[in-house]
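Working notes, beginning with the structure itself.
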Ligand SMILES: Cc1cc2nc3c(=O)[nH]c(=O)nc-3n(C[C@H](O)[C@H](O)[C@H](O)COP(=O)(O)OP(=O)(O)OC[C@H]3O[C@@H](n4cnc5c(N)ncnc54)[C@H](O)[C@@H]3O)c2cc1C
């Protein structure tokens with residue numbers, strides 16, 4: 001360890017998940033470094049506290065770096081290598097070594113066994129204190145300038161502090177205090193857009209059906225987008241659930257450009273094509289010809305939704321499978337495998353949402369998270385043009401980028 005490394009002053013801008021992970025890593029790796037987290041609000045880790053509906057979905061049980069990276073509409077290519085360095089398995093070990101037992105739910109999401117995000121917050125605060133990280137709340141940084149011997153950080157009250165290395169982790173750059181300063185340093189901010197939202201749909205077919213969900217649906221934006229599969233939930237306002245949130249993430253920029261007014265094609269039965277469905281209906285005609293259509297829903301379709309789809313397909317209360325007319329069958333097949341709905345607005349998902357867009361990824365070296373433009377400046381977390389689908393991927397990206405930067409900031413580098 002050189003004397004220079006021992007003296008390193010590290011400033012972390014933002015006391016969220018990425019900031020804490022980087023600060024703890026750096027301070028544990030080099031106890032002689034001075035690591036300070038500057039947090040603008042009066043509380044650290046606010047998003048961790050409210051995350052996952054107060055339970056904090058810390059990561060996802062997906063342990064293959066390539067598959068994991070595939071869950072990121074933006075940042076996938078860059079994160080692939082980074083996940084070879086720090087992935088969910090490492091996250092799980094990190095928390096368990098610090099006394100936070102985790103559990104995996106059926107859908108792969110990982111939570112603390114306490115089902116309480118306070119467990120995660122307390123773990124970070126304790127680990128930071130033990131590692132000697134200095135914690136400053138109500139200290140917003142509004143400017144970063146390059147000095148001959150490092151950086152000057154300007155606070156909101158115009159006082160300044162010096163640092164050898166700076167980790168920038170202020171979260172979303174939407175109305176950020178330091179966006180302008182980052183641009184002045186030569187960085188590019190890719191256009192920002194909300195991601196992970198549900199769709200406003202006012203349509204007689206789903207009116208009064210809020211709370212009903214279909215577990216294997218498929219949905220896409222018309223006229224053309226990749227389809228997204230998974231559960232779809234009918235809400236008071238329209239549609240939500242994993243398939244909708246996934247679509248909102250993959251199409252975040254396009255839907256913003258459409259001002260959230262667009263049409264979707266909803267296939268309630270993801271496993272059926274119109275042909276396979278017609279074959280199934282023909283078999284029902286043979287097997288259960290005298291049974292009422294209304295009383296015999298297709299597997300996977302809740303009864304009240306089925307009744308509504310029968311009604312809009314012109315199928316009367318007393319119609320039996322044997323007496324189903326061809327135009328009624330055609331309408332029912334369309335409703336089940338390619339129904340069109342108009343979306344007119346959005347609501348952010350309460351359990352998890354993120355901003356798409358941020359620092360251009362080409363400007364960052366993902367082996368260290370150091371800026372390719374300003375040596376000594378590092379980035380991590382949501383301020384980067386990275387965002388994942390819902391399920392613990394966004395925190396994993398914060399932990400991974402924070403970890404890599406935390407290690408790099410105390411292992412040499414160009415500016416000291
Ligand atoms: C309601 C909600 C629930 C979520 N739940 C989950 C979940 O369960 N699982 C999951 O994977 N993801 C979840 N996410 C996403 C996740 O919270 C983010 O991806 C993650 O918090 C990003 O971490 P970060 O450290 O980059 O940013 P943040 O957590 O936003 O932290 C940035 C911090 O920097 C501070 N700051 C900003 N500017 C300055 C400045 N100029 N000077 C000093 N401080 C500054 C902010 O006050 C903030 O405390 C959720 C998001 C929301 C909104």
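For the range 197-348, the relative contact order comes to 32 percent (Cα pairs under 8 Å, sequence separation of at least 6).
Ranked by how many other Cβ atoms sit within 10 Å of their own Cβ, fewest first, the residues 168, 214, 232 fall in the order 214, 232, 168. The share of C-alpha pairs in the range 119-188 whose separation exceeds 13 Å stands at 73 percent. For the range 320-335, backbone nitrogen atoms closer than 15 Å to the point 7 Å from residue 286 Cα along Cα-to-C-beta are found at 322.
Ranked for footprinting exposure by Cβ neighbours inside 10 Å, fewest first, 60, 236 give 236, 60. Straightening the chain between residue 101 and residue 350 buys 87.1 nm, computed as 0.36 nm per residue apart minus the Cα-Cα spacing. Taking every alpha-carbon pair under 8 Å whose residues sit at least 6 apart, the chain reaches a relative contact order of 25 percent. When every Cα-Cα distance of the range 317-357 is counted in 10 angstrom steps from zero, the calculated P(r) takes the values 19, 28, 21, 16, 13, 2 percent. Once the Cα-Cα distance is subtracted from the 0.36 nm per residue extended length, the residue 340 to residue 46 segment shows a gain of 101.9 nm. Determine the shape class of the range 197-348: with a ≥ b ≥ c the square roots of the Cα gyration tensor eigenvalues, call it rounded for a/c under 1.5, and otherwise prolate if a/b is greater than b/c, oblate otherwise. Cα axes put the range 197-348 in the prolate bin.
In the chain, the DSSP beta bridges split such that about 75 percent are antiparallel, to the nearest 5. The order of 40, 362, going from fewest to most other C-beta atoms within 10 Å of their C-beta, is 362, 40. Once the Cα atoms are used to define both axes, helix 117-131 deviates from the longest principal axis of the chain by about 20 degrees.
Between helix 326-338 and the chain there is an angle of about 10 degrees, using the helix long axis and the longest principal axis of the Cα atoms. Pull out a ≥ b ≥ c, the square roots of the eigenvalues of the alpha-carbon gyration tensor of the range 20-88, then state rounded if a/c is under 1.5, prolate if not and a/b is larger than b/c, and oblate in the remaining case. Oblate, since a/c reaches 1.5 and b/c is not below a/b. Sorted from longest to shortest, the spans of the Cα atoms of the range 155-236 along the three principal axes equal 60, 28, 21 Å. Note that the chain carries a Kirkwood radius of 23.3 Å, evaluated over its alpha carbons pair by pair.
Helix content alone sets the calculated 222 nm mean residue ellipticity of the chain: runs of n ≥ 4 DSSP H residues at -39500 (n - 2.57) each, divided across all residues, give -10000 deg cm²/dmol.
Relative to the dominant Cα principal axis of the chain, helix 76-85 is inclined by about 60°. Quick one: in the range 56-200, what % of C-alpha pairs are over 24 Å apart? Percent of Cα pairs beyond 24 Å in the range 56-200: 54. Between residue 136 and residue 203, the modelled labels are 5.3 nm apart [label points 7 Å from Cα along Cα→Cβ].
Since every read-out is calculated from the coordinates, none of them should be taken as a lab result. What you see is a predicted model, and the numbers here were worked out from it, not measured in a lab. Backbone-built Cβ (ideal geometry, glycine too); neighbour counts: all protein chains shown.
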